[in-house]
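The structure appears right after this line, and notes come after that.
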Amino acid sequence: MSCDCCGVEQEARDIVTGIGRTSEFSIPLLQEIQKRHSYLPEDLVEAVSKESGIPLSDLYGVATFYSQFRFKPQGKYMVRVCHGTACHVAGAEIVSALISQELGIKEGETTPDLLFSLERVACLGCCSLAPVAMIGGKIYAKLTRTKIHAIIKDYKDGKA
Ligand code: FES
C-alpha cells in the first residue's frame, strides 16, 4: 500500500542513499531535493533529516544561508527582467511593471498555476538590446508594451 507520506519517505531514502548521511553532505542533499522539485518542499526536507540523522535545524541553517535555495515552488518559466544600467535607462522599471501586470504577480512571486515566476536581475550581457528580459532561458529584446503582451500571451497559450 502506498500513500503520499510513504512516497516522501521513500524519496528521502533514495536521496540520502545516493548522496550521504552526514552533515558534510547537507549542501548536496539540499541541492538534490531542489533539483527534483525546483524548491525545498518542507515535508521532504523533514524526511531527509529523519533518514540521515542530520538535525532539521542544521539543514534549514544551511538552506537559509545560501541564496541558491528556494522555499517556494518555482514557475515553469522564470521571467528575469534586467535592471542593469543600460536597461534601467531604457525603462526596466516600466518593463517590470508591465510584466507584473500581465502575470498578476509581483517580483519574487510565482503565478498560482505555477507557469511563471518573476524576478529582477543584473545585466544579462546584451545591453545594446535594452530593455531586455529573459524568459525560460530565451532573451527578449527592445521590449515595448505591445511586445510584452504578445510574448506573455504566447507563453500562456503554449506557443512560445
Ligand atoms: S543592462 Fe540589461 S543587458 Fe546589460
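Yes or no: the stretch 74-82 includes at least one residue that is over 20 Å from Pro41 (Cα atoms), of a type outside the set (Asp, Glu), part of a helix (DSSP H, G or I) and within 14 Å of the ligand (Cβ to nearest atom). Scanning the stretch 74-82 turns up no residue that is over 20 Å from Pro41 (Cα atoms), of a type outside the set (Asp, Glu), part of a helix (DSSP H, G or I) and within 14 Å of the ligand (Cβ to nearest atom).
Would you check if there is a residue in the stretch 99-117 being within 16 Å of the ligand (Cβ to nearest atom) and either among the basic types (Lys, Arg) or assigned to a helix (DSSP H, G or I) (or both)? Scanning the stretch 99-117, I find at least one residue that is within 16 Å of the ligand (Cβ to nearest atom) and either among the basic types (Lys, Arg) or assigned to a helix (DSSP H, G or I) (or both), so the answer is yes.
Can you find, within the stretch 38-49, the residue that is surrounded by the most Cβ atoms within 10 Å (Cβ to Cβ) among those that are outside any loop (DSSP other than H, G, I, E, B) and touching a helix residue (DSSP H, G or I) at 6+ places or on another chain (Cβ under 7 Å)? Taking the candidates together, the pick is Val48.
Summed over the stretch 1-22, the residues that are assigned to a helix (DSSP H, G or I) and at pLDDT 95 or above give a count of 12. Exactly one residue out of Thr85, Thr17, Thr22 is among the β-branched types (Val, Ile, Thr) and assigned by TED's automatic domain parsing to the domain that holds Arg120: that is Thr85.
Of the residues making up the stretch 75-120, those that are aliphatic (A, V, I, L, M) and farther than 15 Å from Pro131 by Cα are Met78, Leu103, Ile105, Leu114, Leu115, Leu118.
So that you can scan it fast, the table gives a plain yes or no per residue for (1) more than 27 Å from Gly125 (Cα to Cα); (2) in a helix (DSSP H, G or I); (3) out of contact with any helix residue (DSSP H, G or I) (no Cβ under 8 Å at 6 or more places or on another chain); (4) of a type in the set (Ser, Thr, Tyr):
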{"residue": "Ile33", "(1), (2), (3), (4)": "yes, yes, no, no"}
{"residue": "Arg36", "(1), (2), (3), (4)": "yes, yes, no, no"}
{"residue": "Gly61", "(1), (2), (3), (4)": "yes, yes, yes, no"}
{"residue": "His88", "(1), (2), (3), (4)": "no, yes, yes, no"}
{"residue": "Ser96", "(1), (2), (3), (4)": "no, yes, yes, yes"}
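When Ala160, Ala150 are checked against the criterion of being more than 10 Å from the ligand (Cβ to nearest atom), assigned to a loop (DSSP other than H, G, I, E, B) and farther than 22 Å from Tyr39 by Cα, a single residue qualifies: Ala160.
Would you say Lys142 is in a loop (DSSP other than H, G, I, E, B) and out of contact with any Ser or Thr (no Cβ under 6 Å at 6 or more places or on another chain)?
yes
Residues checked against (1) in contact (Cβ under 8 Å) with a residue 40 or more places away in the chain; (2) more than 16 Å from the ligand (Cβ to nearest atom); (3) exposed (fewer than 14 other Cβ atoms within 10 Å of the Cβ); (4) more than 16 Å from Lys76 (Cβ to Cβ):
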position: Cys87; (1), (2), (3), (4): yes, no, no, yes
position: Ala90; (1), (2), (3), (4): yes, no, no, yes
position: Ser96; (1), (2), (3), (4): no, no, no, yes
position: Cys126; (1), (2), (3), (4): no, no, no, yes
position: Lys138; (1), (2), (3), (4): no, no, yes, no
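Could you identify the single residue in Glu93, Glu102, Glu119 that is under 16 Å from the mean Cα position of the chain (by Cα) and either of a type outside the set (Val, Ile, Thr) or on the phi > 0 side of the Ramachandran plot (or both)? Testing whether each residue is under 16 Å from the mean Cα position of the chain (by Cα) and either of a type outside the set (Val, Ile, Thr) or on the phi > 0 side of the Ramachandran plot (or both) leaves just Glu119.
Of all the numbered requirements in (1) surrounded by fewer than 20 Cβ atoms within 10 Å (Cβ to Cβ); (2) among the aliphatic types (A, V, I, L, M); (3) at pLDDT 95 or above, Val81 misses one, and that requirement is (1).
The values are calculated or read from the model by the stated rules, or taken from the named source; none is laboratory data. No experiment lies behind these values; they were computed from the predicted model shown. Note that we place each Cβ from the backbone using ideal geometry, even for glycine, and neighbour counts take in every protein chain shown.
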